[in-house]
Protein chains: 2
Amino acid sequence: MSEENVVYIGNKPVMNYVLAVVTQMNSGIPEVMLKARGRAISRAVDVAEIVRNRFITDLELGTINISTEEMTNKEGSNSNVSAIEIQLCKVKE
Amino acid sequence: MSEENVVYIGNKPVMNYVLAVVTQMNSGIPEVMLKARGRAISRAVDVAEIVRNRFITDLELGTINISTEEMTNKEGSNSNVSAIEIQLCKVKE
């Protein structure tokens, strides 16, 4: 999957990301991957559910992966943060 | 799956839930389901990752499901909240 098809979920309002996903899908991309870390994980699930229930109803949830990523903070020490990847696929007609 | 095998993730510290999962698994239950809603979703992912990486290394992630649940708040109006279910299975020896 190319980087174009990835939507990174951060701290912006949920609807910003919903719009990003819907725009990508409507431009013909059949598959979008949502990626989020830490507290944004809940927001990623919200985005997937809102797109699926309200905007693109012929959307299927693909694989959902969780993992741990190591991050280096400002002071230079490492900490672990959880991450999630949610695959959204448009059903072929 | 019986209700005994479900660990509901709420607002307590992560390690409380990690301990609950590890205790259940060590008592011989081979499969535990984590369930969380709303902001606790990120914490559920943390719990799964911490158990898997630090405590029970022969643990496999099973199915991960996301969904939307309708909740009624104090004022009696309905709102939607995202939910996650993460299945953790002990690998058979």
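The values are calculated or read from the model by the stated rules, or taken from the named source; none is laboratory data. Small disclaimer: the values here were computed from a predicted structure and weren't measured. Backbone-built Cβ (ideal geometry, glycine too); neighbour counts: all protein chains shown. Note: accessible area is taken over every heavy atom of the protein model, side chains too, but ligands, DNA and RNA are not part of it. Shrake-Rupley method; radii C 1.70, N 1.55, O 1.52, S 1.80 Å.
At-a-glance table
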{"item": "Selection status of A:Lys35, more than 14 Å from chain B (Cβ to nearest Cβ) and either in a strand (DSSP E or B) or open to solvent by 60 Å² or more (accessible area, probe 1.4 Å) (or both)", "result": "no"}
{"item": "Every residue from segment B:6-19 that is open to solvent by 40 Å² or more (accessible area, probe 1.4 Å) and of a type outside the set (D, E, K, R)", "result": "B:Tyr8, B:Asn11, B:Pro13, B:Met15, B:Asn16, B:Leu19"}
{"item": "Selection within segment B:1-24 - touching a strand residue (DSSP E or B) at 6+ places or on another chain (Cβ under 6 Å), more than 14 Å from chain A (Cβ to nearest Cβ) and part of a helix (DSSP H, G or I)", "result": "B:Asn5, B:Ala20, B:Val21, B:Gln24"}
{"item": "Identity of the residue in segment B:44-56, without any contact (Cβ under 8 Å) to a residue 40 or more places away in the chain and facing chain A (nearest Cβ under 9 Å), that ends up surrounded by the fewest Cβ atoms within 10 Å (Cβ to Cβ)", "result": "B:Asn53"}
{"item": "Any chance B:Arg39 is without any contact (Cβ under 8 Å) to a residue 60 or more places away in the chain and in contact with a strand residue (DSSP E or B) (Cβ under 7 Å, 6 or more places away or on another chain)", "result": "no"}
{"item": "Any chance A:Met25 is farther than 26 Å from B:Leu88 by Cα and not β-branched (Val, Ile, Thr)", "result": "yes"}
{"item": "Count - residues of segment A:38-87 that are farther than 23 Å from B:Glu49 by Cα and part of a strand (DSSP E or B)", "result": "2"}
{"item": "All positions within segment A:57-86 that are out of contact with any helix residue (DSSP H, G or I) (no Cβ under 9 Å at 6 or more places or on another chain), within 14 Å of another protein chain (Cβ to nearest Cβ) and open to solvent by less than 60 Å² (accessible area, probe 1.4 Å)", "result": "A:Gly62, A:Ser79"}
{"item": "Single residue of B:Gly62, B:Gly28 found to be on the phi > 0 side of the Ramachandran plot and of a type outside the set (Ser, Thr, Tyr)", "result": "B:Gly28"}
{"item": "Check on B:Leu34, over 10 Å from the mean Cα position of the chain (by Cα) and hydrophobic (A, V, I, L, M, F, W, C)", "result": "no"}
